[in-house]
Structure formats: C-alpha cells, structure tokens
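Read through the structure below, which is laid out as structure tokens, and then see the notes.
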Amino acid sequence: MICESKNINKNPRYKIIKYKNEFLMVDVTSSWIFFFIPMLNWGVPKKYAKISQSEFEELNTFTPKNSSSAGWIAGGGSVLLAVLTRKYIQLLNIQVNQIAVNILCCLVLLGVFLSALYINSKSKLNVYDRNNCDEKIILIPTFKNLCLMLLSYIIFGGLSILAFYMFITEGIQNIILFITWIMLVIMFLLSNVALVVNKKVYVIKR
C-alpha cells in the first residue's frame, strides 16, 4: 500500500513512514554503501522500528517538499553561474605537479566521504534501537520518486566523475573547477540520502 513519509529535521538518516495507524522508522543509511547506491533501499526487506504516537510527536518531523523544483533551481543556478564566470575561468588556471594534484583529489574525496560517515554516525537515534522489530518491510518508490532519484544520481554522479577524470587524466588544473567538483560530490551524497524516500512510498510489510 502507498504510505506517507516524513523526514526528521536535521537528520536525513531516518525516514518515518505512516503505515495505517502505525509509525515505522527506517534507517536508509545503515551502511556506507547506501551513500553510493541508495537504490539498494528499494525492493529488498529492510529492518524497521515501530515507534509510538508520543515518540513520533517528540521527533521534529516534516513532510518533504517538492524536490523537483529545488533541483531545477539548483541546476539553473549552476548554468547561470557557469555562463557568467566563463570568461574568468582561465584566469584561475594553476600549474601544479600532476602527482600532487592526484593526491590532493584523492584526499579531498576521502575527506568528504569520511565526513559523511562521521555525521551519519552522530545522527543515530536511541529511539530506533529501542524499538527495533524482527519484522521487515519492503520499500518501493513511486514513479515520480524513481525518475527524480535516477535523474539526480546521473547528473550529480556523472558530473562528479567527469570532473574527477579531467583532473586526474587530462591534467586540467583550475580552482573554480576544483571547487565545483567538491560541491558536486557533496550534492551527490546528500541527494542520494534525501531523495531515496520522498513524500509517498509503497510499503509491503512482511
């Protein structure tokens, strides 16, 4: 059946799903692999915690807004920024030893990933462990959520890989491109967590 989903404010790790008269709490980043392949949350049995009405009310939850409009705004802003700064990009070209660039890129990539894991570990809530169930549920995204998730995954993931490739193999060294690449990697990880379960989701309880 299709159910309403709510997010916890400043804690994207958990999703609250209202299943009939029950509140089910799902951990969508229980492992590091979900940061890179969030679609693994779909179609497979997942553990959940059944929380009470009072516990639900204590959590600072909110209904996700229309993420597609935010995505278009972010995409349009990126294009506009690229057009406005195109003539100045070459001014920020630098010449650094390629080995040093490769090491720096790998360290930044590792730093962003470790930061995401650290924040994720700090986001763990005791209410989830306290109410953990032996039963499992299967989450199936709506068609709109599926398209939005795949589009975001391809855009942010593809551009991140492309920028990384340009640094490592093409020898392009530009400060603006480097900062843009870092932002793309962060957006890729954030969007994977935020969009995996949107306002509505199909739930099969086992």
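Output yes when any residue across the range 130-146 is among the β-branched types (V, I, T), under 27 Å from E4 (Cα atoms), at pLDDT 90 or above and assigned to a helix (DSSP H, G or I), and no when none is. No, because not a single residue in the range 130-146 is among the β-branched types (V, I, T), under 27 Å from E4 (Cα atoms), at pLDDT 90 or above and assigned to a helix (DSSP H, G or I).
The residues on offer are V112, V127, V108, and the sole one that is in a helix (DSSP H, G or I) and under 23 Å from L59 (Cβ atoms) is V127. Can you find even one residue in the range 165-177 that is surrounded by 17 or more Cβ atoms within 10 Å (Cβ to Cβ) and of a type in the set (F, W, Y)? Scanning the range 165-177, I find at least one residue that is surrounded by 17 or more Cβ atoms within 10 Å (Cβ to Cβ) and of a type in the set (F, W, Y), so the answer is yes.
Any residue at all in the range 154-172 that's in contact with a helix residue (DSSP H, G or I) (Cβ under 6 Å, 6 or more places away or on another chain), at negative phi and part of a loop (DSSP other than H, G, I, E, B)? The answer is yes; a qualifying residue exists. Scanning the range 13-45 for residues that are buried (at least 19 other Cβ atoms within 10 Å of the Cβ) and assigned to a strand (DSSP E or B) returns R13, Y14, K15, I16, I17, F23, L24, M25, V26, D27. Screening L151 with (1) more than 30 Å from T169 (Cα to Cα); (2) modelled with pLDDT of 85 or more gives one miss only, at (1). Residue count for the range 162-196 under the criterion of being of a type in the set (A, V, I, L, M) and more than 15 Å from F35 (Cβ to Cβ): the result is 11.
Restricting attention to the range 1-12, report how many residues are surrounded by fewer than 12 Cβ atoms within 10 Å (Cβ to Cβ) and under 18 Å from the mean Cα position of the chain (by Cα). So the count comes out to 2. Just for the range 94-131: of the residues that are surrounded by 11 or more Cβ atoms within 10 Å (Cβ to Cβ) and of a type in the set (F, W, Y), which one is nearest to K50 (Cα to Cα)? Here the residue is Y128.
The values are calculated or read from the model by the stated rules, or taken from the named source; none is laboratory data. Since this is a predicted model, take the numbers as computed values, not measurements. Every residue, glycine as well, gets a Cβ built from its backbone with ideal geometry; the counts of neighbours run over all protein chains shown.
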